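Step one of this worksheet: look at the structure below.
The values are calculated or read from the model by the stated rules, or taken from the named source; none is laboratory data. Quick caveat: nothing in here was measured; it's all calculated off a predicted structure. Cβ placement follows ideal geometry from the backbone for every residue including glycine, while neighbour counts extend to all protein chains displayed. For the accessible areas, the whole protein counts, side chains as well, though only heavy atoms, and no ligand, DNA or RNA atoms are used. Shrake-Rupley method; radii C 1.70, N 1.55, O 1.52, S 1.80 Å.
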Amino acid sequence: MSSRTNISCLQEAARVAIFGGTHGNEMSGITLVNMWIQNSAEIERNGLLIKPFISNPRAVEKCSRYIATDLNRAFTPENLSAPDVEGLPYEVQRAKEINRMFGPKGSADAYDVIFDLHNTTSNMGSTLILESSTDLFNLQMVHYIKKAMAPHTCSVLLNEHPQLKYSTTRSVAKHPVGLEVGPQPQGVLRSNVFESMRTILKHALDFIEIFNSGVTFPPCTVDVFRVQERMDYPRDTNGNITAMVHPHLQDCDWEPLNRGDPMFLTFDGRTVLYEGANTVYPTFINEAAYYEKQQAFMTTGREILAANAIRKACK
Amino acid sequence: MALLFLPALARMAVCGGTHGNELSGVYVVQEMERQRKEKGEGVWPIPVTTVLSNPRAVKECRRYIDTDMNRCFSRDTLSSPITDSSPYEVRRAQELNNLVGLKGSTDAIDLICDLHNTTSNMGLTLILCTSSDWVTLHICKYLQTKITKVPVRVLVLDFPISDAYSLESVSKHGFTLEVGPQPHGVVRADIYIIMKEAVDLTIDWIHKFNSGTVFEGGDVEAYMLIKSVDYPRDPETRTLTAAIHPQLQDKDFCLLKRGDPLFLSFSGETVNYEEEETLHPFFINEAAYYEKGIAFQLAKKMMLTIPAVRVQKD
C-alpha cells in the first residue's frame, strides 16, 4: 500500500458549452437551452464561462431531427476539412461552423466540456454517454453526478467501439458528454424528463465548479455499459421491417437479455428469439430515429471502470 | 326502442398512414395486404379494401408533406380545382374520394375504419363525427365488450355532417381507431396488437350483422368534445412557458375538477384548472397538436341510448 495516492493533475475546465437541438425534435434540450439563453442565472458558476447553444436551429424551427443529414454524425474529419463551397449539405456547413466556434476538434483551443442534450423514445431513463474509457475528468464527473442523483438512477453508456462509435457534435470538445433522457416521443415535452435533464446539468456544473476550485476527487469506480453490437429488425428483400421489438423486450433497456429470450415479434405473430451466446444488456430499444439507421437496439456489456484521483493542475 | 332494420354493409375500407408517422396503421395495412396476397380475397368474411392513405408521408415517416391530410375531406376541398400549386394532400384526398367515395353518394364505401396513433395515453379511443350513427355506435359497443386489455372509450366530436373534414366522413359510416400511447415514428408490438384486434373485431361485427345477428340495444358511455386548451405561452414569442403538469400527464379521461393542476411552468409555478364544470381531458400532450395550439382537449361524459339493430333483408 503506497503512502501517496496517485493523483492526476488536469487542466482547469474554463469553457463549457451546453448544446440543445442537435436533433430538432428532441424537446428537453431545446427548451432548456432557449430558457438559459434568455436567462442564464441558473447555469452561472464562479469562474466558469458557460455557453448555452442551439446547434441545429433550422431543424429546431421545423421540429425535425435534421434538414439534410444527421448533425450528430457529421463531425467527421472529411466534413470538418471540406472546402467552403456551394451545395454543402446544411448540417455539414453547420458542423464546420460549430467546429470553428467551439473547436477546432483535437486542438488546445477547443472548449473544455460540451454537454449535448438529447431525448430518446427508448425507456433509458437518465443516461450519460461517454466516448472514452480513459477520460479521467469525465469519469469523475459522471461518478459525481450519479451519486448526487441517487436514488434516481443514472446509467452510463460507453461507446468506444471502433466501427459503431460516431462523430458526434460534442466530440469537438476535450471532454464530450452526451445526456440522453427518455422515454419521450419526438416533438413532445414531458415535465418529468425536462426536470431530470435540468437536474443532471445542475450537478454537472457543480462538479466543474468544485473541480476548478482545486478540490481533490479521490479514486473512484464507475459502472458502465459498453457498446457491443447493433441489432437490426428482420427485414424483407425491399428493406421493410417484418417484425417489431417483442413485448417482453420493449421498455427493458439495461435489463439482461439471455439466449432464448424473445427479441422480435413478426406482424403475423411469430416470435424471434435472441441467439447470442452471452448475456447482453440492450439499450436504445425501439428508438424512432434508428429505424433508418438499421437499428432495433444496441447490445452492451457491463464493465467497471476505475479512475485515478484528480485535481486541477497548478498553473 | 324498437328493433331497427338497417342495410347490409357490402364493403369496408381499412386506411393506414393517413398520418405518415403513425405506424400501427401502416403495418396493419401492410400485414392485411400480405395476408390477401397469400390467401386470396376470401381471407376475410366480408370484402375489405386496404388503403395506404398518404404514401409519400409514410415513405418519409412524417405526419404530412404539405398539409394535414385528415383535414382535406371537406366538400369544398374535395371539389376544389387542382393546380400545379395544390398541396400534395389535397390531390391525394381527391384520389381517395374517387377510390372509396364519392363522399355523399350512394356509391361511397359503406364503412371506413381510419387507423391512427397518438402520443397521449388514450388506450383505444373510437372517434366518431356523429352521435346518431347506430352502425358505428354498435361497433363501438361490440369492441368495448370484446377488448379487455386496454380501456376502450368512445369520443364524439359531434360535427354537423356537412362540415366534416376527416377521411372517415367520406363513407356512409366511418370512425377513427386511435391507439396510444406510442411515439410517432415507432411501432410498439403491444399497440399494434390492440389495433389489429380492433380491426379484426370490426370485420367480425360486420359479418355477424350482415348474416342476420340481432345486436341488442342499450346504453353506450361516450365523451363529447367541448373545447381545447392551449399551453401557457410567452405573449411575444409564443414559445411555451410551461409543460403539462406531472399529475395530469398520462391521465387521459380522468376527472378534472376545479383546483386540479394543469401545467408546471419552467420557473416552478403550477397552473390549475379554474372552471366550475368537471370535465375529462384527453389528447393530453399529443405531439402533433403543439402546432395546432392544443395542450389537451376537454370532454363531457354522457350516455347514448342505441336501439337494437338487425340487417334488413331485401
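Scanning segment B:66-77 for residues that are open to solvent by 20 Å² or more (accessible area, probe 1.4 Å) and either within 9 Å of B:Tyr165 (Cα to Cα) or not hydroxyl-bearing (Ser, Thr, Tyr) (or both) turns up B:Asp66, B:Arg71, B:Ser74, B:Arg75, B:Asp76, B:Thr77. Pairs meeting the criteria (first residue in segment B:176-194 and at the interface with another protein chain (Cβ under 7 Å from one of its Cβ atoms), second residue open to solvent by 20 Å² or more (accessible area, probe 1.4 Å) and aromatic (Phe, Trp, Tyr), beta carbons under 9 Å, at least 6 apart or on different chains) are B:Gly185/A:Tyr291; B:Val186/A:Tyr291; B:Val187/A:Tyr291; B:Val187/B:Tyr27; B:Tyr192/B:Tyr27.
Of everything in segment A:87-105 that is assigned to a loop (DSSP other than H, G, I, E, B) and in contact (Cβ under 8 Å) with a residue 60 or more places away in the chain, the residue that is least open to solvent (accessible area, probe 1.4 Å) is A:Gly103. For A:Ala108, the test of being of a type in the set (Gly, Ala, Ser) and crowded, with 19+ Cβ neighbours inside 10 Å is failed.
Checked against the criterion of being hydrophobic (A, V, I, L, M, F, W, C), part of a loop (DSSP other than H, G, I, E, B) and either more than 30 Å from A:Leu48 (Cβ to Cβ) or in the same structural domain as A:Gly182 (by TED's automatic domain parsing) (or both), segment A:291-304 contains one or more residues that satisfy it. In segment B:111-155, the qualifying residues are those that are part of a loop (DSSP other than H, G, I, E, B), polar (S, T, N, Q) and within 12 Å of B:Ile191 (Cα to Cα), and the one that is most open to solvent (accessible area, probe 1.4 Å) is B:Asn121. Can you find a residue in segment A:78-86 that is of a type in the set (A, V, I, L, M), touching a residue at least 40 places away in the same chain (Cβ under 8 Å), farther than 28 Å from A:Gly125 by Cβ and part of a loop (DSSP other than H, G, I, E, B)? No, the conditions are met nowhere in segment A:78-86. Can you name the number of the only condition in (1) of a type in the set (Val, Ile, Thr); (2) farther than 21 Å from A:Leu130 by Cβ; (3) away from chain B (no Cβ under 11 Å) that A:Val172 fails? All conditions are met except number (2).
When the test is whether a residue is of a type in the set (Ser, Thr, Tyr) and within 14 Å of another protein chain (Cβ to nearest Cβ), A:Tyr281 does not pass it. Among all positions in segment B:238-257, there is no residue which is polar (S, T, N, Q) and in a strand (DSSP E or B).
Among the conditions (1) at pLDDT 95 or above; (2) open to solvent by less than 20 Å² (accessible area, probe 1.4 Å); (3) not acidic (Asp, Glu), B:Tyr88 misses just one, which is (2). Beta carbons closer than 9 Å, at least 6 apart along the sequence or on distinct chains, pair a first residue in segment A:285-313 that is within 14 Å of chain B (Cβ to nearest Cβ) with a second that is aliphatic (A, V, I, L, M) and open to solvent by 20 Å² or more (accessible area, probe 1.4 Å) for A:Gln295/A:Met231; A:Ala296/A:Met231; A:Phe297/A:Met231. Has segment A:281-290 got at least one residue that is farther than 28 Å from A:Asp70 by Cβ, at pLDDT 95 or above and either more than 23 Å from the chain's Cα centre (by Cα) or outside any loop (DSSP other than H, G, I, E, B) (or both)? So far as segment A:281-290 goes, no, none of its residues is farther than 28 Å from A:Asp70 by Cβ, at pLDDT 95 or above and either more than 23 Å from the chain's Cα centre (by Cα) or outside any loop (DSSP other than H, G, I, E, B) (or both). Taking into account only those residues within segment B:21-48 that are within 13 Å of another protein chain (Cβ to nearest Cβ) and not in a helix (DSSP H, G or I), which is nearest to B:Pro307 (Cα to Cα)? Selected residue: B:Glu22. All told, A:Thr242 falls short of being open to solvent by 20 Å² or more (accessible area, probe 1.4 Å), assigned by TED's automatic domain parsing to the domain that holds A:Asn46, at pLDDT 95 or above and among the polar types (S, T, N, Q). Within segment A:68-77, the only residue that satisfies the criterion of being in a helix (DSSP H, G or I) and more than 15 Å from the chain's Cα centre (by Cα) is A:Pro77.
What strands (runs of 3 or more DSSP E) lie completely within segment A:207-268 and have 3 or more residues being on the phi > 0 side of the Ramachandran plot and away from chain B (no Cβ under 14 Å)? Filter on segment A:207-268 gives an empty set. Remark: pairs (first residue in segment A:252-266, under 12 Å from A:Arg302 (Cα atoms); second residue open to solvent by 50 Å² or more (accessible area, probe 1.4 Å) and of a type in the set (Ser, Thr, Tyr); Cβ separation under 6 Å; 6+ apart in sequence or on different chains) = A:Pro256/A:Thr279. I need the full set of residues from segment A:1-53 which are under 24 Å from B:Ile244 (Cβ atoms), without any contact (Cβ under 8 Å) to a residue 24 or more places away in the chain and assigned to a loop (DSSP other than H, G, I, E, B), in order please. The answer is A:Asn39, and nothing else.
Here is a yes/no grid of residues against (1) surrounded by 15 or more Cβ atoms within 10 Å (Cβ to Cβ); (2) over 22 Å from B:Ser267 (Cα atoms):
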residue	(1), (2)
A:Asn6	no, yes
A:Ala14	no, yes
A:Gly20	yes, no
A:Leu49	no, yes
A:Pro52	yes, no
A:Ser55	yes, yes
A:Val60	yes, yes
A:Asp70	yes, yes
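Using the structure shown, decide if A:Arg65 is touching a Leu at 6+ places or on another chain (Cβ under 6 Å), part of a loop (DSSP other than H, G, I, E, B), under 23 Å from A:Leu179 (Cα atoms) and of a type outside the set (Gly, Ala, Ser). So A:Arg65 does not fit the description; no.
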